[in-house]
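To start, the structure under review is shown below, and the notes come after it.
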Amino acid sequence: MSDITQLIESSDRDVGVDSAALFRAAFDELRKLARSRLAASAPLTLLDTTALVHESWLRLSGQQTLQVETRRKFFAYASQVMRTVIVDELRERNAERRGSGEQALTLNTAIGDGVAVDNNDEALQVHEALETLAEVEPRLAQVVEMRYFGGLTEVEIGEALGLTERTVRRDWEKARLLLAAMLR
Amino acid sequence: MKALPCPPALWPRFSALLDIALELDAAARRVWLDSLLAEDAAVQPWLVAVLQADGLPATGGVFERLPPSPEAEALPAFAAGDRIGPWLLLRPLGSGGMGQVWLARRDDGAYQREVALKLPHAHLISGALQRRFARERNVLAGLVHPNIARFYDAGLAEQGQPWLALEFVDGEPIGVYCHAQALAVRARIELILQVTAAVQAAHSRLIVHRDLKPANVLVTAAGQVKLLDFGIAKLLDDEADDGTALTQLAGRVATPEYAAPGQLDGGVITVATDVHALGVMLYELLTGTRPFAARSQLARMVSAREDAPLASSRVARGERAALIGDLDAILARALEQEPARRYASVEAFASDLLRHLADLPIEARLISRRQRLAKFLRRNRRAVLLGAGFALLLAVGIAATWWQAVQTATQAHRAEITKDFLISVFKASDPRAVNARPLGQRSVRELLDLSIDRVETELAGEPDLQIELLGVMGYALGLSADPDDEARFEAVMYRRLEIAQQHFGGRHAVVVETRLVEGWGEVYYQNYPAALVKVDEADRLLDESGLNRSVWRADWWMLRGQALRGRPGGGAERLASYRQAARLYAEVAPKHPDRANAEANIASTLFQDGEYAKAAAQARQAIALARAQPERDELSLGVTLTVLGRAERGQGHIEAAAASFEEAAALAMHTAGKMPGWWLARSRQAQMLHQQGDRVAAAALFAEAEAAIPADWHKTTADTEVREMMAATWLAEGRAADALPLLVAAEPVYRERPPSEYDLRRLQMTLGQAYAALGRQDEARSRLEAAQASALQLLRPGHPDRLAAEQHWLHFLIDVGEIDAAVIGIDRALAERPAAGESLALLHGERARIALLRKDTGKAASESATALAMIEQIGATGDVRSVARLQRIRADVLAASGDLVAAQKLEDAAATASARFDDAGSATVRRRQFRPG
């Protein structure tokens, strides 16, 4: 959980008080929602993460006027939060259930298009591979994070990172290839 | 961690080729892959492996021939014995993102020297790049400096392989070296200064290193720093080449942990880049950690800015004192986010380090106060959002109650209650409870940081309450022994001042109080003249604000007394000040903890005036008052007990004194830990034990006290006081040569920053004796004479120190044969009818010596008998060694009168005592023979 604390601290510093408070509120909500869904033992789907991020965005933006800049940052931030929550949750589960042989929850998302890595470790493996990839291809890693963990569309990712939709798609394709090789 | 699908060294090329592959359909891809073979053989297998995952069948013959394998990472493109241009490869030295480095020798015998041959990946440098490469090599060749690994030559071998021949340095990376040698802070800084010299030399040739990191800085066995890798330097004046592949390559090669903000995103590379890297390196050498955690690109996007934590906060407690202050400020400045706020040049950075080493004021310090305030505000804006921290408050158990009370506080007395409550947490303690950690070491930060910003935000409309509560927190921080809290204390106090000035103009108690707090700060650092300036300012403000009958005026009297500590002959004024303070506290705030402190200061002043009985009584009164207070200030109580112990010691009440010192040390330990209060209490105890003759126990206590002093202690002169006391005991037991260096070192310290007006005189007295014992008469004379003259001028007749100073001076005069002057002096001293005591007994001893020299055996007999009787009668007030000394004078007198048996008996007693009390090498241990056998 230390990741999460750092995450908040670092984001708060940058975005100014109002939006930082907002992010903090969003963080709690994202985490709560994500955890409750995960706890239900049902597979967490891409739809769910997307819904979570969008839902919390709508709720928050309804409260105050927010700038486009904030929205961009929010999506990147929300994806990162989701990633942290999911990874923490899975690690915890794995630790609890190690050796019990029980079928753990499944995270079924878009990365499975061509490469079926449909087991409970997938999200963790993607997470680890992304950590490595981020060292040499930080942008690709971020695109994957936003798509895979944040459930965002290519348009939204492009907006958040200031890239064209086409670039995002190419990045995604390239990252998909690299990750598939790394997860093999 | 998952492995990358291609070795990092090959990644740039790999990634670029993959982009191209992705644009091609399956069939085109296969043709393209085959066509790559010649130029990109190294990358190709990795490419093929990755593309397989895209469903591309690996059927081409080339795939079978070059299967991806982990061994491919090493890619032994070179082998020992290979010839590259004129060079013969001997053995590999390392490899990195840019290529490989080999130890090589000139193959054509042009010269014998072995070099480090850098072999950049050929494919990274081609075409137009080679021209640039050739040009940079000319620049580098001109860079000759003893701290830079020399660049000899560069060229292209037949097969297009570029090479750079550099000086081969046999050394360790700077970090490894520091660790292995266990270098002290100073030595580490001196190494960094060598690095700065090298970087400065490069900058003067318009070359920026831009990849400065410990791995690039080697230290040879001789301790010489050698900077490697100016290979990626960028020519400052070469804008036209921005964006060429070599520049891009350089950008990529720069190590993220050491890169300046902006550097990785393609920001402009300037000298500020190297200043930043030097800052990071120094920070790492001093603390063992890097100032900024390595962060992902994503984290950087979400949070662009980060201040480096104070270096001192990253090291073990024992080392903090060395870093706090100057070094914190220097590092903060070098690590500024904004290049413009960093040092303007490496030279300026180096200059501040040199000034720090020479104990001169540094440039960075001037602005640090304002920055600290800014940092304080930033930090707290963040803390507002850290609701999680509230749990900490609850955990401590009291703060929640406190906060609840604050929130409902609409009346002043309510705030008063909460304030008292909070203060009690840090200050008082239950003697029955066993504290695992000394109170002063408990982190008040956790508790307070969270509350401070709530005061800012939630009480925004109530400046009065804000001021009140910030004051409480500042006070609590002021009690903490943690150096980090010092800066916080300052920040809180300044913030409070801001609020006061904003809402009330200058006429608010807080403005006065700030002046007072600043004055106390100067007193703590023993800057008495500066403190007196604050005293005058506060005086005026108190008048103007109509606060003359308030605790602030009482505090002012206290401050005035302290600020006068260094003023020669200021005893009466100090005493009057403390009495005013005590009176005013009794009147306006009888339960104020400083009331007892005012009484204690009266005791201390009486003690300094040699009024031991009065001082002891007064100290007991202060202690009783302090103990009766609802809120005990144990830190001050400890100091008061030390005063009591010294007064009791002066009266000869040894057991009582021992108990007082013991309790003082325990309280000091309990409140602030092993800080100056504790060192001094321990040392006083040691001093007394030594005078009782227990040199082993004394040495152990001194060792304990001295071990607690940080190597670079500079805040007060308490360290000097401890060492002076220790040296004085060495001198007394006959170790003048050991004592001398410590005493000599103390003299300039007391001259510049005397803890009080009494210290320099006492030191000169001791130092003079040490010089005399070593036969350095001229130096002895100047010290002893100065001490005696100042004692006569400034100490009242009857003051024990006055008589002691005279006695030492007269003893010296007799030793050097100036008998007439000594006689006059002794008569003058005795005419004041001094009270019985060690010095008076010794003075009679001096008289006996004179009589003996003048063959006046009758007088010698009576004086020596008087002296001996007196010293035996006063018992424990003096040093046991004085008895032996007077016994020996008496023995001389008896021998001169022919009574050799009695003389020998006394000599035997004296020698036996000396053997117990003095050093084995001391002359006193030798037994003189008055009669044969």
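Observations, loosely collected:
Residues are listed down the side, and each one gets a yes or a no for (1) within 16 Å of B:I192 (Cα to Cα); (2) touching a Ser or Thr at 6+ places or on another chain (Cβ under 7 Å); (3) at pLDDT below 65:
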position: B:P261; (1), (2), (3): no, no, yes
position: B:G267; (1), (2), (3): no, no, yes
position: B:V275; (1), (2), (3): yes, no, no
position: B:A316; (1), (2), (3): no, no, yes
position: B:D326; (1), (2), (3): yes, no, no
position: B:A344; (1), (2), (3): no, no, no
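- Residue check: B:V199 meets all listed conditions (1) among the hydrophobic types (A, V, I, L, M, F, W, C); (2) in a loop (DSSP other than H, G, I, E, B); (3) modelled with pLDDT of 85 or more but one, namely (2).
- Yes/no for B:P590 being assigned to a loop (DSSP other than H, G, I, E, B) and out of contact with any Ser or Thr (no Cβ under 9 Å at 6 or more places or on another chain): yes
- The range B:10-43, residues that are modelled with pLDDT of 80 or more, surrounded by 17 or more Cβ atoms within 10 Å (Cβ to Cβ) and more than 10 Å from chain A (Cβ to nearest Cβ): B:L10, B:R13, B:L17, B:V43
- Evaluated against (1) open to solvent by less than 40 Å² (accessible area, probe 1.4 Å); (2) modelled with pLDDT under 95; (3) within 27 Å of B:H799 (Cβ to Cβ), B:T729 falls short on exactly one condition, (2).
- Filtered residue count, the range B:162-174, keeping only those that are open to solvent by 30 Å² or more (accessible area, probe 1.4 Å) and under 17 Å from B:L278 (Cα atoms): 1
- Residue count for the range A:126-143, restricted to those that are in contact with a Lys or Arg (Cβ under 7 Å, 6 or more places away or on another chain) and more than 7 Å from every other protein chain (Cβ to nearest Cβ): 2
- Criterion violated by A:V155 - all others in (1) crowded, with 19+ Cβ neighbours inside 10 Å; (2) of a type in the set (A, V, I, L, M); (3) more than 11 Å from every other protein chain (Cβ to nearest Cβ) satisfied: (1)
- Apart from one condition, A:R166 fits all of (1) assigned to a helix (DSSP H, G or I); (2) farther than 22 Å from B:L24 by Cα; (3) more than 7 Å from chain B (Cβ to nearest Cβ); the exception is (2).
- Of all residues in the range B:346-364 being crowded, with 18+ Cβ neighbours inside 10 Å and within 20 Å of B:P710 (Cβ to Cβ), the one that is modelled with the lowest pLDDT: B:I362
- Inside the range B:521-556, residues that are part of a helix (DSSP H, G or I), at pLDDT below 80 and surrounded by fewer than 17 Cβ atoms within 10 Å (Cβ to Cβ) make up a count of 1.
- Every test in (1) in contact (Cβ under 8 Å) with a residue 40 or more places away in the chain; (2) in contact with a Pro (Cβ under 8 Å, 6 or more places away or on another chain) is passed by B:L840 save one, and that test is (1).
- Condition check for B:R515: surrounded by fewer than 23 Cβ atoms within 10 Å (Cβ to Cβ) and among the basic types (K, R): no
The values are calculated or read from the model by the stated rules, or taken from the named source; none is laboratory data. Owing to the predicted nature of the structure, the values given are computational and were not obtained by experimental measurement. Quick reminder, even Gly has a Cβ in these numbers, built from the backbone with ideal geometry, and neighbours come from all protein chains shown. All accessible areas refer to the heavy atoms of the entire protein, side chains included, with ligands and DNA or RNA removed. Shrake-Rupley method; radii C 1.70, N 1.55, O 1.52, S 1.80 Å.
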